[in-house]
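Here is the structure we will look at.
The values are calculated or read from the model by the stated rules, or taken from the named source; none is laboratory data. Remember, predicted model here, so these are calculated numbers, not experimental data. Please note: Cβ atoms are built from the backbone with ideal geometry, for glycine as well, and neighbour counts cover all protein chains shown.
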Amino acid sequence: MDMLKYALKPVNRNHVKVYGRGLRISGKDSKILCSEISGKQLAKAKALLERLVSKQQNIEGKYYTKASGEILELLKSAENNAEFKGLDPERLIVSASVHQGFRFMRPRRFKRRREQRKVTNVQVILQQR
């Protein structure tokens, strides 16, 4: 298995990395969400994504429910890894980025047999400050 390349390389050892590969979400929507939560504390980022999923808050008139649900799952996984590692969850800062994933052909549709589907890779890094 090849090594995953992360966009951000933390200097200190007090960090946790999570990589979501092959997520079937929009790249544009996830880029907007990741730029919105990057640099925020973990609790504030999770609260924002939960409000987007429950449609209590919007960003520029959109809720981004599918993408925010997937990124929220990645944040919860990263939080669990940080707790296992012994990091303080109140001091964690989110750094999230989006990358283009692979493409695959749409299966078993004669008239639409040349359509390609896109997937997105999302990486989340939590740093303790």
When segment 80-105 is examined, which residues are found to be under 16 Å from residue 26 (Cα atoms) and surrounded by fewer than 18 Cβ atoms within 10 Å (Cβ to Cβ)?
97, 99, 100, 102, 103, 104
Residues in segment 88-96: is at least one among the charged types (D, E, K, R), part of a loop (DSSP other than H, G, I, E, B), in contact (Cβ under 8 Å) with a residue 40 or more places away in the chain and farther than 15 Å from residue 20 by Cβ?
yes
Qualifying residues in segment 83-107 (those that are farther than 20 Å from residue 11 by Cα and of a type in the set (A, V, I, L, M, F, W, C)) - the one farthest from the chain's Cα centre (by Cα)
105
Checked 68, 77 against criteria (surrounded by 17 or more Cβ atoms within 10 Å (Cβ to Cβ), part of a helix (DSSP H, G or I) and modelled with pLDDT of 95 or more); the one match is 68
Which number in (1) in a helix (DSSP H, G or I); (2) touching a Lys or Arg at 6+ places or on another chain (Cβ under 6 Å); (3) not basic (Lys, Arg) marks the one condition that residue 25 misses?
(1)
Can you name every residue in segment 36-54 that is touching a residue at least 40 places away in the same chain (Cβ under 8 Å) and either touching an Asp or Glu at 6+ places or on another chain (Cβ under 7 Å) or surrounded by fewer than 21 Cβ atoms within 10 Å (Cβ to Cβ) (or both)?
38, 39, 40, 41, 42, 43
